[in-house]
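Report on the structure given below.
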Amino acid sequence: MASEAKKKKNREDLRHYIKIILAVFLLVLGAAMAVFSYRLGRLVFTDDAVADSSVDNITYEITITPGESTLAVGFELMREDVIPSASAFLIQSKIYKCKIAPGTYTVYSKMSSKEIIKYLNQEFLRKQKEGEGAQAEGKG
């Protein structure tokens, strides 16, 4: 009987340790998620450019192909060190309802993600108007 009681106590101790380990793991996971969320939120809602004021304003040309996703555009800009985060760029493009047209665009290292999104959206609208104008001329 003593053996059964000892086995039962060992199982209870094991369950207790597993609960403690699980609680610590969830606490660490929650803290990591909070830090990640804060950093992503800061990137999305602040207007920081990658280059600081001491660096020259470097020009980058980006070519957007038909069907290329906004996230792919964000990764290309991030690879060129124009923006700090492709994920933040994607979220900002959704917030500002940005549409991107295929083409080659010139952006600058001192532009913020928000400025790039606005620029790409303005170019989309301009190309859309040009297309409508060409269609109207063809009908006339």
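No value in this document is a laboratory result; all are computed from the given coordinates. As the structure is a prediction and not an experimental result, all values here were calculated from the model. Using ideal geometry, Cβ is built from the backbone for each residue, glycine included, and neighbour counts are taken over all protein chains shown.
Within segment 61-122, the chymotrypsin sites (Phe, Trp or Tyr not before Pro) that combine a DSSP coil assignment with at most 14 other C-beta atoms in a 10 angstrom radius are 96. Per residue, the average separation of C-alpha pairs within less than 8 Å and at least 6 apart gives the chain a relative contact order of 24 percent.
Which entry is the computed mean projected area of the Cα convex hull in nm² for this structure: [x] 11.2; [y] 14.6; [z] 8.4? For mean projected area of the Cα convex hull in nm², the calculated option is [y]. Basic side chains Lys and Arg get +1 at the Cβ, acidic Asp and Glu get -1 at the Cβ, and with that the dipole of the chain about its Cα centre reaches some 1220 debye.
Amide H contacts under 5 Å for residue 64: 103, 104, 105, restricted to partners 5 or more places along the chain or on a different chain, H placed in the peptide plane at 1.01 Å from N. Working note: Debye formula, equal point scatterers on the alpha-carbon atoms of segment 59-139, no solvent; log10 I(q)/I(0) at q = 0.20 Å⁻¹ is -0.83. Per residue of the chain, the DSSP helices (runs of n ≥ 4 H) give a summed -39500 (n - 2.57) that works out to -23000 deg cm²/dmol at 222 nm. Here the spin labels are modelled as points 7 Å beyond Cα on the Cα-Cβ line, and at residue 5 and residue 33 they lie 4.3 nm apart.
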